[in-house]
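Novice: Quick one: the structure is below, questions incoming.
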Amino acid sequence: MDNINAKFNKFNKLWIGLIAGITGPVFGFIVFYLIAASDRSFTGFVKMIINNSSTHSGIISICLIFNLVFFYIALRKDFYKSAQGVIMATFLYAPFVVYFKYVA
């Protein structure tokens with residue numbers, strides 16, 4: 001049993017959580033596209049979002065929800081360093097949400 005824990009314990013690293021937290025919203029965006037606009041082409045969907053500035057912060061926020069999955073898994077596996085990395089990555093996205101919400 002200790003061998004299995006040691007094998008998985010290598011994932012308890014801050015940088016792994018940071019990478020998961022940075023790429024999580026990308027996966028969230030793809031899932032959002034598949035649910036919301038799968039009848040359009042992906043490039044057409046991206047152009048629609050870029051041209052409609054009122055949706056930027058909302059879509060980024062929805063995509064960040066995907067980080068909750070990584071955070072929850074990290075906490076359930078007692079990977080506290082990885083969970084910290086996911087939170088750090090989420091905070092890296094926060095200025096973009098604020099910018100698109102109040103400035104752009």
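Novice: Between ILE50, ILE60, which is of a type in the set (A, V, I, L, M) and surrounded by 15 or more Cβ atoms within 10 Å (Cβ to Cβ)?
Specialist: When all the criteria are applied, what remains is ILE60.
Novice: Right, here's the next one. Looking at (1) closer than 30 Å to ASN12 by Cβ; (2) over 14 Å from the mean Cα position of the chain (by Cα), can you tell me which one HIS56 breaks?
Specialist: Looking at each condition in turn, HIS56 falls short on (1).
Novice: Give the residue, chosen from PHE11, PHE100, PHE29, that is outside any helix (DSSP H, G or I), surrounded by 13 or more Cβ atoms within 10 Å (Cβ to Cβ) and in contact (Cβ under 8 Å) with a residue 24 or more places away in the chain.
Specialist: PHE11
Novice: Something else now. For the range 38-47, which positions are modelled with pLDDT of 85 or more and of a type outside the set (Phe, Trp, Tyr)?
Specialist: Result: ASP39, ARG40, SER41, THR43, GLY44, VAL46, LYS47.
Novice: Checking the condition outside any helix (DSSP H, G or I) and among the hydroxyl-bearing types (Ser, Thr, Tyr), which residue from SER38, SER57 passes?
Specialist: Testing whether each residue is outside any helix (DSSP H, G or I) and among the hydroxyl-bearing types (Ser, Thr, Tyr) leaves just SER38.
Novice: Then there is this: Would you pick out the residues in the range 81-93 that are surrounded by 13 or more Cβ atoms within 10 Å (Cβ to Cβ) and over 13 Å from THR23 (Cα atoms)?
Specialist: Answer for the range 81-93, where residues must be surrounded by 13 or more Cβ atoms within 10 Å (Cβ to Cβ) and over 13 Å from THR23 (Cα atoms): LYS81, SER82, ALA83, GLN84.
Novice: Going by what's in this entry, would THR43 be described as exposed (fewer than 15 other Cβ atoms within 10 Å of the Cβ), under 26 Å from ILE87 (Cβ atoms) and within 21 Å of the chain's Cα centre (by Cα)?
Specialist: When the stated conditions are applied, THR43 does not pass them.
The values are calculated or read from the model by the stated rules, or taken from the named source; none is laboratory data. Quick caveat: nothing in here was measured; it's all calculated off a predicted structure. So basically every Cβ, Gly included, is an ideal-geometry build from the backbone, and we count neighbours across all protein chains shown.
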